[in-house]
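What follows is a short report on a single structure.
Just so it is clear, none of the values below were taken in a lab; they were calculated from the coordinates. Bear in mind the structure is a predicted one, so any value in this text is a computation, not a measurement. No Cβ is skipped: glycine too gets one built from the backbone with ideal geometry, and neighbour counts run over all protein chains shown.
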Amino acid sequence: MFTRSSIFLFAAFASAFVLQAQDNPLSTELKQNYDQRKSALLGEADRMADADYAFKATPEVGTFGSRVAHVADAQMMICSAVKGETKKADTAGKTSKADLVAALKASFDYCDDAYASLTDATATQTVKVFGQPQTKLSALWGNLAHDSEMYGYMAVYLRLKGLTPPSSERRPK
């Protein structure tokens, strides 16, 4: 079965994982919050019907689809700055659910690397976001705050269509 050395090796790896989380409390917490918001935003985008991507909550605001595109665009811009790159989302002219959900997923896939590579040690490295110097931690927390704001906006669109936003669903007991 298990040898003494394999048990020791497993314990060493487990300890290293626990210590890494303890050594990086800021970046670990940020990543956990990002993963929650990612799930919620993708859930909203999936929940809205394709025909309702053109829906406006009021005549003065953008469509639901434009909110999805905005999240993808902003994420790509912020995460590319954190990664030291210049990359934009390809949402221009896209209005269908399939195209916009694909762009949103691509922006999350791209941002996953930026969040995964962050440690508390690299969090204070400075990058330029919107032409202004910020720490990587500040830039990624800003992205998360923007994602949360957009989630709230998009929740209104869903509610007006009689849909429940993902974070408001009742959890099984």
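Size estimate for the range 25-167 follows the Kirkwood approach: the inverse of mean 1/r over distinct Cα pairs works out to 15.4 Å. The spacing between the range 140-160 and the range 39-63, judged by their C-alpha centroids, is 12 Å.
If you run the Gaussian network model on the chain, springs between alpha carbon atoms under 10 Å, then out of Pro133, Pro59, Pro25 the most flexible one is Pro59. Computed over the chain, relative contact order equals 28 percent, with contacts defined as Cα pairs under 8 Å that lie 6+ residues apart.
Sequence-ordered 3J(HN,Hα) estimates for the range 88-95 from the Karplus curve with 6.51, -1.76 and 1.60 and θ = phi - 60° stand at 10, 6, 9, 9, 4, x, 8, 10 Hz, glycine and proline given as x.
Computing FRET efficiency as 1/(1 + (r/R0)^6) for Lys87 and Val61, where r is the C-beta to C-beta distance and R0 is 35 Å, gives about 0.80. Screening the chain for whole DSSP H helices of 24 Å or more along their axis (Cα) with average Kyte-Doolittle hydropathy at least -1.0 returns 4-23, 64-82, 97-117, 136-160. The translational diffusion coefficient of the range 88-173, from Stokes-Einstein at 20 °C and 1.002 mPa s with a Kirkwood hydrodynamic radius over alpha carbon pairs, comes to 138 µm²/s.
Just tell me which aspartates and glutamates come within less than 17 Å, Cα to Cα, of Lys136; anything on the same chain fewer than 8 places away is out. Once the sequence-local aspartates and glutamates are set aside, what remains near Lys136 is Glu29, Glu85, Asp112, Asp113, Asp120, Asp147.
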